[in-house]
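We did not get these values from a lab; they are worked out from the coordinates using the rules stated. From a predicted model like this one, the values you see are computed outputs, not experimental measurements. Every residue, glycine among them, receives a Cβ derived from its backbone with ideal geometry; neighbour counts consider all protein chains shown.
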Amino acid sequence: MDTRIMVYQLTDDEKWSAVTACDRRFNGLFFYGVTTTGVFCRPSCTARTPLRKNVRFFQEISEALDAGFRPCRKCRPDLRHFEPGRELVEKAKEGMALRVDLSEIPASRESLTALSDNSLRRLFRKYEGCSPGRYEAALRIEKAKDLLAETDMSVLNISLHCGFESLSNFYRQFREHTGTVPRKFRTCEPGETPFMKEDKP
Ligand SMILES: [Zn+2]
């Protein structure tokens, strides 16, 4: 379905179902404001779904602003009207977060979007300021830090559970991101907190 052609035929019911489904295909096609909060969003916004009776639909950002609504900080409808590049990056980030949740090894980042590895890398640099690999590694390291701090799992098991192909790769990445090694991170030294409160840059 080409949603861009459908836009002027969309009924409020269809817009509402796009909102409840957080359907990003409708981004840029309409906006919705929530009268109780005074905030307006893009269809894909993952903020809590409002009650329908409190929702108003707008075709253009200017209409929402004129009606006194302010842009949501989460989905930023005030940024460029339609940013396919950012959409793709967000989609890839969601895919990575899911993969890290499922403890999958990052075999191929290209499969997260229809883009080539080079194009995805270029978009990531633009919107996130880092490579996709670095972004995903940071997610994995965060998960590893939680497990080190909160469980008795061995370092080897944690590295596997966080999707690292090898222990040496895990150690290298962990040091890169936190400035320390997993065992030190976990060990409670006398007079120190059980784990580092903040990452070293
Ligand atoms: Zn929003």
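Taking the Cα-to-Cβ direction at Met153 and at Asp117 and moving 7 Å from each Cα, how far apart do the two end points lie in nm?
So the two model labels end up 2.7 nm from each other.
How about the range 18-105: which GluC sites (Glu not before Pro) there lie in a loop by DSSP and see at most 15 other Cβ atoms within 10 Å? All intermediate terms of the calculation are to be shown ahead of the outcome.
Values: sites: Glu60, Glu63, Glu87, Glu90, Glu94, Glu104; in loops: Glu60, Glu104.
Taking the range 18-105 and a limit of 15 other Cβ atoms within 10 Å, the loop GluC sites (Glu not before Pro) found are Glu60, Glu104.
If you stretched the chain out fully between Ala47 and Ala67, how much longer would it get, using 0.36 nm times the residue separation minus the C-alpha to C-alpha distance?
Working: separation 20, 0.36 × 20 = 7.20 nm, distance 2.07 nm.
Taking Ala47 through Ala67 to full extension adds about 5.1 nm, to one decimal.
Using 0.36 nm times the number of residues separating Glu128 and Thr187, minus their current alpha carbon distance, what extension gain do you get? It would help to have the intermediate numbers written out before the result.
Values: separation 59, 0.36 × 59 = 21.24 nm, distance 3.26 nm.
Gain on stretching Glu128 to Thr187: 18.0 nm.
What percent of all Cα-Cα pairs in the range 84-186 falls into each 5 Å bin, going from 0 up to the bin containing the maximum distance?
Once binned at 5 Å, the Cα pair distances of the range 84-186 give 2, 13, 24, 22, 16, 12, 7, 3, 0.
Pairs Lys74/Lys184; Lys53/Lys143; Lys15/Lys143; Lys53/Lys74: which are spaced more than 32 Å apart, C-alpha to C-alpha? Show your work: numbers first, answer last.
Numbers: Lys74/Lys184 36 Å; Lys53/Lys143 40 Å; Lys15/Lys143 36 Å; Lys53/Lys74 22 Å.
As for pairs spanning more than 32 Å Cα to Cα, those are Lys74/Lys184; Lys53/Lys143; Lys15/Lys143.
Please give the length that would be gained between Lys91 and Ser17 if that part of the chain were fully extended, namely 0.36 nm times their separation in residues minus their C-alpha to C-alpha distance (nm, one decimal). Let's see the in-between values first.
On the way: separation 74, 0.36 × 74 = 26.64 nm, distance 2.00 nm.
Working it through step by step, the gained length comes to 24.6 nm.
For Ser17, what is the net charge nearby, where nearby means another residue's Cβ is under 13 Å from its Cβ and Lys, Arg count +1, Asp, Glu -1? Please report the intermediate quantities before stating the final value.
Values: positive: Lys15, Arg25, Arg52; negative: Asp12, Asp13, Glu14, Asp23.
My count for the surroundings of Ser17 gives -1.
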